[in-house]
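Here's the structure we're looking at; comments come further down.
The values are calculated or read from the model by the stated rules, or taken from the named source; none is laboratory data. If you're wondering where the values come from, they're calculated on a predicted model, not measured in any experiment. All Cβ positions, even for glycine, are placed from backbone atoms using ideal geometry, and neighbour counts span all protein chains on display.
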Number of protein chains: 2
Amino acid sequence: MVTIYDIAEKAGVSAMTVSRVINNTGRISDKTRAKVKRVMDELGYVPNQMARSLVLQETRLLFLIITDITNPFYTTLARGAEDAARKRGYRLLFGNTDEDPEKENDYIDAVLKTRADGVLLAPAGDASLPHLEMLRRHNVPFVLLDREVPGAESDVVLGDSKEGARQLVKQLVGAGHRRIALINGSRTISSARERLEGYREALKLNDLAYDEALVLETSFGPRSDLTGIEAWLDGMRPLPTAFVAGNNVLAVELMRTLRSKGLRVPEDVSLVCFDELASYAEMDPFLTVISQQAYQFGHLGMQMLLDRIQSPGDPAGRRRIVLPAELIVRRSVRQL
Amino acid sequence: MVTIYDIAEKAGVSAMTVSRVINNTGRISDKTRAKVKRVMDELGYVPNQMARSLVLQETRLLFLIITDITNPFYTTLARGAEDAARKRGYRLLFGNTDEDPEKENDYIDAVLKTRADGVLLAPAGDASLPHLEMLRRHNVPFVLLDREVPGAESDVVLGDSKEGARQLVKQLVGAGHRRIALINGSRTISSARERLEGYREALKLNDLAYDEALVLETSFGPRSDLTGIEAWLDGMRPLPTAFVAGNNVLAVELMRTLRSKGLRVPEDVSLVCFDELASYAEMDPFLTVISQQAYQFGHLGMQMLLDRIQSPGDPAGRRRIVLPAELIVRRSVRQL
DNA sequence: GATTAATATGTTACCGATAACTCTAAAGTA
DNA sequence: TACTTTAGAGTTATCGGTAACATATTAATC
């Protein structure tokens, strides 16, 4: 590997002069600068970022840790985060946890070892608290995305899950449904709790009883973790006329299972959910959903993070952004 | 930040002893080891990866550079690559180029600056050649995914695009179609060329004339780059009875445009394409596709890369893996 | 022409780790 | 007992950069 010392020797100057040319600092005569640059080109010099970071105590590296890289909500979010990071000269490392606190722990470890300047994290769940404490202990700024962690007073960008759930239920009730089921993620995840609560509130508001049998708590994905849907369906008699799914992955799995039982949506049962399925859903817009501004989650979150990083002394308290939920009515609800 | 020197001082040993405890090298008495470990825990020590890499000349960091992070083909591929990398103790950095050679150049630059141990690259196109030469010049092992670059003798994992295109056309011809259009990615991309060629071969084999007007060359995505579909459709008289799309993004865009013109698939026109749309496509399997083993692209590619990295002296020539194309027949082709 | 100021460059120390070598004391050997 | 091993540590140099200070020119000022 070519180093500044190689350049320095060949150009007949000191290493410091080369460093100055690279960083455009200090004063350098045009002649020297030209000579150094020529030698750099000749030898194909590329600065060693590690050596730089070591002395500068700054890596310009950020981590984005998400729970499911195949979920379009998160990839869209990732794009938003990446755009914002690039714009301000930071590089972004992605991590994928599959909602597994173990894997998340591995990534937190990587963050610390790498001395990343900050972290954008969609936490696996409440069990992420020790990880956040770890980050705080090591003074690594972080912003949570999509989910809160009780006990961690952190910056966070959330969707309005409770209101979203209310709207979905309201939509169903408006279409005449009275037996409405909910398939949801784990209660260890704040957004799942909020969605359940919104669902219950909306039921109460419409004088519908809450029936535990109509609620399935499973996982937000990835799909291999989704179990028990079939048994749940078989256990409900009579079958609900409508379903609310806590996210896109659940909606898909539920729909697949319904189909395997010969049940069609919306002819036989109605279905609404959180999140768009994919950009491909636009091909044949079908599901009535609460659409979340995935890109904004990443973009705003990244901006908050960079603000924290670039003004570390700023005493400003915790920042909490709640993005509104938008109901998009399509064709998956049948009017009873 | 806590360093080995802090540990050393507090434990009353030298920094080297601490290093030995961390890496489990050399000889250390149980007593000393225990003492050092205790101090490490107390102070919450985390090794500085950069300092380590600097002296070891190895980062255990790999880059995966893909062209579209919102395309499920690539996210599935990414998962395959990540799994393989984790298993062997490497960390993975993702980059997203949007098929833009400029952005790709930025990432190649990042690879070099970071001194990553290797790169897995889905090249933006033939214009990526200088980037590959750059990597070679700096002795960074790399493996290409999904696309070849003429002039670069590199390891590569490909799909059998030509055969895939042949099968798609054959399927259409078998259903009675004789006026078959192709919407494809840029000819600067090897897989687009192969798909075009397979399309032409299959036409010839079935005594159908090749008509340039029936072929649109646009982009494999992201969607904002897709233009000219509507004008192309309007220019074809009569309209083809069937379409082949060069990938999933194109299929979606085409379908959306067709729908906006009041044309339904398959009632009015038939459509087949490369790649699954998303895992969500399984919800309501509809499109007849050539399904590629996206996970395997990433997994095998990563294994090849790690093999290269871990036996650098190995003189073995270029390795080229071609994964077979599998036709999955569903409901998007109408029998004429 | 001597002094001061500005410009251009060099020297040294350090960031946080590890390799290679050295040293010391206790154990083993003849 | 004298000599060799060996276990368990320490010292020093180095990886590739940059900050801070020092120095040598050249130009400006009186």
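Do the conditions hold for residue A:15, that is, is it away from chain B (no Cβ under 14 Å), of a type in the set (A, V, I, L, M, F, W, C) and closer than 28 Å to residue B:51 by Cβ?
Working: away from chain B (no Cβ under 14 Å): yes; of a type in the set (A, V, I, L, M, F, W, C): yes; closer than 28 Å to residue B:51 by Cβ: yes.
Judged against the criteria, residue A:15 is a match.
Among the residues examined, residue B:54 qualifies as within 16 Å of DNA strand C (Cβ to nearest atom) and part of a helix (DSSP H, G or I). Within the range A:21-37, the set of residues being free of Cβ contacts under 8 Å to residues at least 24 places away in the same chain and more than 41 Å from the chain's Cα centre (by Cα) comprises A:26, A:27, A:28, A:29, A:30, A:31, A:32, A:33, A:34, A:37. Scanning the range B:245-267 for residues that are in a loop (DSSP other than H, G, I, E, B), touching a helix residue (DSSP H, G or I) at 6+ places or on another chain (Cβ under 8 Å) and either over 19 Å from residue B:175 (Cα atoms) or without any contact (Cβ under 8 Å) to a residue 24 or more places away in the chain (or both) yields B:246, B:247, B:261, B:264.
Which residue, of A:303, A:310, is crowded, with 16+ Cβ neighbours inside 10 Å and not assigned by TED's automatic domain parsing to the domain that holds residue A:199? One residue alone meets the criteria, A:303.
For the range B:319-336, filtering for residues that are crowded, with 16+ Cβ neighbours inside 10 Å and of a type in the set (S, T, N, Q) leaves 1. Please verify whether the range A:101-117 includes one or more residues that are among the basic types (Lys, Arg) and either more than 24 Å from residue A:225 (Cα to Cα) or in a loop (DSSP other than H, G, I, E, B) (or both). Yes, the range A:101-117 has at least one match.
Taking the criterion of being more than 9 Å from chain B (Cβ to nearest Cβ) and either outside any helix (DSSP H, G or I) or among the basic types (Lys, Arg) (or both), the residues of the range A:69-94 that qualify are A:87, A:88, A:89, A:90.
When the range B:23-51 is filtered for residues that are assigned to a helix (DSSP H, G or I) and within 11 Å of chain A (Cβ to nearest Cβ), the ones remaining, listed by number, are B:43, B:49, B:50, B:51. Do we have residue A:157 as of a type outside the set (Lys, Arg), under 21 Å from residue A:68 (Cβ atoms) and in contact with an Asp or Glu (Cβ under 6 Å, 6 or more places away or on another chain) here? Judged against the criteria, residue A:157 is not a match.
Is it the case that some residue within the range A:204-220 is touching a Lys or Arg at 6+ places or on another chain (Cβ under 6 Å) and surrounded by fewer than 16 Cβ atoms within 10 Å (Cβ to Cβ)? Yes: one or more hits.
I'm checking my understanding of the structure. Among residues of the range B:14-31 that are surrounded by 13 or more Cβ atoms within 10 Å (Cβ to Cβ) and more than 19 Å from residue B:46 (Cβ to Cβ), which one is farthest from DNA strand C (Cβ to nearest atom)?
Checked the range B:14-31; the qualifying residue farthest from DNA strand C (Cβ to nearest atom) is B:28.
Would you say residue A:169 is under 19 Å from residue A:336 (Cα atoms) and surrounded by 23 or more Cβ atoms within 10 Å (Cβ to Cβ)? Judged against the criteria, residue A:169 is a match.
Starting from residues that are at pLDDT 90 or above and not hydroxyl-bearing (Ser, Thr, Tyr), keep the ones in the range B:277-289 and report whichever is nearest to residue B:164 (Cα to Cα).
B:289
Could you identify the single residue in B:287, B:226, B:277 that is within 11 Å of chain A (Cβ to nearest Cβ) and closer than 25 Å to residue A:79 by Cα? Steps first, answer last, please.
Numbers: B:287 fails: closer than 25 Å to residue A:79 by Cα; B:226 fails: within 11 Å of chain A (Cβ to nearest Cβ).
Among B:287, B:226, B:277, only B:277 is within 11 Å of chain A (Cβ to nearest Cβ) and closer than 25 Å to residue A:79 by Cα.
Enumerate the pairs (first residue in the range A:220-244 and free of Cβ contacts under 8 Å to residues at least 60 places away in the same chain; second residue anywhere and assigned to a loop (DSSP other than H, G, I, E, B)) with beta-carbon separation below 6 Å, excluding pairs fewer than 6 apart on the same chain, so at least 6 apart or on different chains. Filtered contacts from the range A:220-244: A:226/A:218; A:226/A:219; A:228/A:218. Return a yes/no flag: does the range B:91-105 have any residue that is at pLDDT below 95, surrounded by 22 or more Cβ atoms within 10 Å (Cβ to Cβ) and over 28 Å from residue B:130 (Cβ atoms). The answer is no; no qualifying residue exists.
A single entry from A:316, A:294 fulfils the requirement of being modelled with pLDDT of 95 or more and either buried (at least 19 other Cβ atoms within 10 Å of the Cβ) or over 15 Å from the mean Cα position of the chain (by Cα) (or both): A:294. Do you know which of the residues in the range A:1-20 that are assigned to a loop (DSSP other than H, G, I, E, B) and over 41 Å from the mean Cα position of the chain (by Cα) is farthest from DNA strand D (Cβ to nearest atom)? Among them, the one singled out is A:12. Summed over the range B:95-112, the residues that are under 21 Å from residue B:310 (Cα atoms) and facing chain A (nearest Cβ under 9 Å) give a count of 1. Just one of the listed residues (B:223, B:166, B:237, B:179) is closer than 19 Å to residue B:270 by Cβ, modelled with pLDDT under 95 and not hydrophobic (A, V, I, L, M, F, W, C), namely B:237. At pLDDT below 95 and in contact with a Gly (Cβ under 6 Å, 6 or more places away or on another chain): is that true of residue B:68 in this structure? The answer is yes for residue B:68. From the list A:95, A:118, the lone residue that is under 22 Å from residue B:87 (Cα atoms) and in contact with a strand residue (DSSP E or B) (Cβ under 9 Å, 6 or more places away or on another chain) is A:95.
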